[in-house]
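Working notes, structure below.
The values are calculated or read from the model by the stated rules, or taken from the named source; none is laboratory data. Not measured: the values here are computed from a predicted model. Positions of Cβ are generated from backbone atoms using ideal geometry, with glycine treated the same way; all protein chains shown enter the neighbour counts.
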Amino acid sequence: MGAFFILCYPGETDDTVLDTLRFAGSLPLDYVGLTMPYPLPGTALFERVGDRVSREWRPQDSPLMNQVLTFDADFSSTKMRFAIVKGRVQFAIRRRMGSLAPAALKLFEWPTDRVFRLLR
């Protein structure tokens, strides 16, 4: 079973993004998908932020992480990408470390939460 989460949606705060990452990692999932928001024409997000769209999303624009910021968002693309990588690592720690996961997560989450909060 898997789940998909959009991080750094307009109106979110550092706290809500970090809460989402913790929630995603707490679920008994085999797979977690994390992405940044994309305001595609015809969607409610486009209606909300369409005046801030700076470019169209094209898959070939993002060969490394498949993540390209396409609008003037509340979070920078660096901060969004950091959140995605952080979430993927936290999920991997929970899945692969078994009973050692809580201790490993404490060591990982505290500094990465701080870095996330420092990024724009």
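Restricting attention to region 96-120, the residues that are in contact with a Lys or Arg (Cβ under 8 Å, 6 or more places away or on another chain), modelled with pLDDT under 95 and not in a helix (DSSP H, G or I) total 1.
For region 69-90, the set of residues classified as under 17 Å from Glu12 (Cβ atoms) and in a helix (DSSP H, G or I) consists of Ser77, Thr78, Lys79, Met80, Arg81, Phe82, Ala83, Ile84, Lys86, Gly87, listed by residue number.
Of all residues in region 30-58, those satisfying the criterion of being farther than 18 Å from Phe4 by Cα, modelled with pLDDT under 85 and not polar (S, T, N, Q) are Pro41, Phe46, Val49, Gly50, Asp51, Arg52, Val53, Arg55, Glu56, Trp57, Arg58.
Could you figure out which of (1) in a helix (DSSP H, G or I); (2) within 16 Å of Ile6 (Cβ to Cβ); (3) at pLDDT 90 or above isn't true of Ile93? Unmet condition: (2). If the condition is being closer than 14 Å to Phe91 by Cβ and in a strand (DSSP E or B), then region 5-34 contributes Phe5, Tyr31, Val32, Gly33, Leu34. Residue count for region 7-30, restricted to those that are of a type in the set (Gly, Ala, Ser), surrounded by 15 or more Cβ atoms within 10 Å (Cβ to Cβ) and out of contact with any Lys or Arg (no Cβ under 7 Å at 6 or more places or on another chain): 1.
Listed by first and then second residue, the pairs with beta-carbon distance under 7 Å, at least 6 apart or on different chains, first residue in region 85-106 and over 16 Å from Asp19 (Cα atoms) and among the hydroxyl-bearing types (Ser, Thr, Tyr), second surrounded by fewer than 16 Cβ atoms within 10 Å (Cβ to Cβ) and at pLDDT 95 or above, form an empty list.
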